[in-house]
Amino acid sequence: MRAGAGIRISVLADFRQPETRADAGALWENYLISERMKHLDAAKRWVHTYFWRTKEQQEIDLIEEEDGNLTAWEFKFSIRKTVKKPSAFASAYPDARFTVITPENVDFFLLPQPGR
């Protein structure tokens with residue numbers, strides 16, 4: 001966890017390692033979204049961002065729409081969890097890309113990629 005979660009951690013005075021915290025997933029999601037916004041701004045990429053959830057609580061953590069293409073991002077702090085694209089989202093947006101971001105592939109999400 002990096003600076004994005006610092007205020008919450010300080011206010012709660014909970015300085016345990018992320019792996020031992022009940023809110024590690026929420027901290028991870030907050031960090032990734034805030035850093036992604038910074039990355040997109042620095043790269044001068046004009047991307048519409050959304051959050052998606054159904055009444056049945058199926059959700060996508062972040063959706064980006066760029067040039068008519070949708071990319072759905074799901075964030076998981078634990079790399080042991082298996083994640084599938086929510087069926088309602090897959091039905092509504094069959095052409096959308098779906099990628100899970102974990103600590104193992106976070107560089108792909110936050111660092112500039114060739115050709116982008």
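The values are calculated or read from the model by the stated rules, or taken from the named source; none is laboratory data. Since the model is a prediction, treat every value here as computed from it, not as a measurement. With ideal geometry, Cβ positions are generated from the backbone for all residues, glycine too; neighbour counts draw on all protein chains shown.
Looking for something touching a helix residue (DSSP H, G or I) at 6+ places or on another chain (Cβ under 6 Å) and among the aliphatic types (A, V, I, L, M) - is there at least one such residue anywhere in the range 41-59?
Scanning the range 41-59 turns up at least one residue that is touching a helix residue (DSSP H, G or I) at 6+ places or on another chain (Cβ under 6 Å) and among the aliphatic types (A, V, I, L, M).
Identify the residue in the range 24-39 that is among the hydrophobic types (A, V, I, L, M, F, W, C) and modelled with pLDDT under 90 and, among all such residues, is surrounded by the most Cβ atoms within 10 Å (Cβ to Cβ).
Checked the range 24-39; the qualifying residue surrounded by the most Cβ atoms within 10 Å (Cβ to Cβ) is TRP28.
Take the residues in the range 60-86 that are in contact with a Ser or Thr (Cβ under 6 Å, 6 or more places away or on another chain) and in a loop (DSSP other than H, G, I, E, B); name whichever of them is surrounded by the fewest Cβ atoms within 10 Å (Cβ to Cβ).
Filtering the range 60-86 for residues that are in contact with a Ser or Thr (Cβ under 6 Å, 6 or more places away or on another chain) and in a loop (DSSP other than H, G, I, E, B), the one surrounded by the fewest Cβ atoms within 10 Å (Cβ to Cβ) comes out as ILE79.
Anything in the range 89-107 that is in contact (Cβ under 8 Å) with a residue 24 or more places away in the chain and either surrounded by 16 or more Cβ atoms within 10 Å (Cβ to Cβ) or assigned to a helix (DSSP H, G or I) (or both)? List them, or say none.
PHE89, ALA96, PHE98, VAL100, ILE101, THR102, VAL106
Table: residues versus (1) in contact with a Leu (Cβ under 7 Å, 6 or more places away or on another chain); (2) modelled with pLDDT of 90 or more; (3) among the basic types (Lys, Arg).
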site: ASP41; (1), (2), (3): no, yes, no
site: TRP52; (1), (2), (3): no, yes, no
site: ILE60; (1), (2), (3): no, yes, no
site: LYS81; (1), (2), (3): no, no, yes
site: LYS84; (1), (2), (3): no, no, yes
site: SER91; (1), (2), (3): no, yes, no
site: PHE108; (1), (2), (3): no, no, no
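Which residues, counting only those in the range 21-59, are of a type outside the set (Asp, Glu) and in a strand (DSSP E or B)?
Within the range 21-59, HIS48, THR49, TYR50, PHE51, TRP52, ARG53 qualify.
Going by the conditions given, is ASP107 of a type outside the set (Gly, Ala, Ser) and under 14 Å from the mean Cα position of the chain (by Cα)?
Yes: the conditions hold for ASP107.
Which of the residues belonging to the range 50-59 are surrounded by 11 or more Cβ atoms within 10 Å (Cβ to Cβ) and either among the charged types (D, E, K, R) or under 18 Å from PHE108 (Cα atoms) (or both)?
The answer is ARG53, GLU59.
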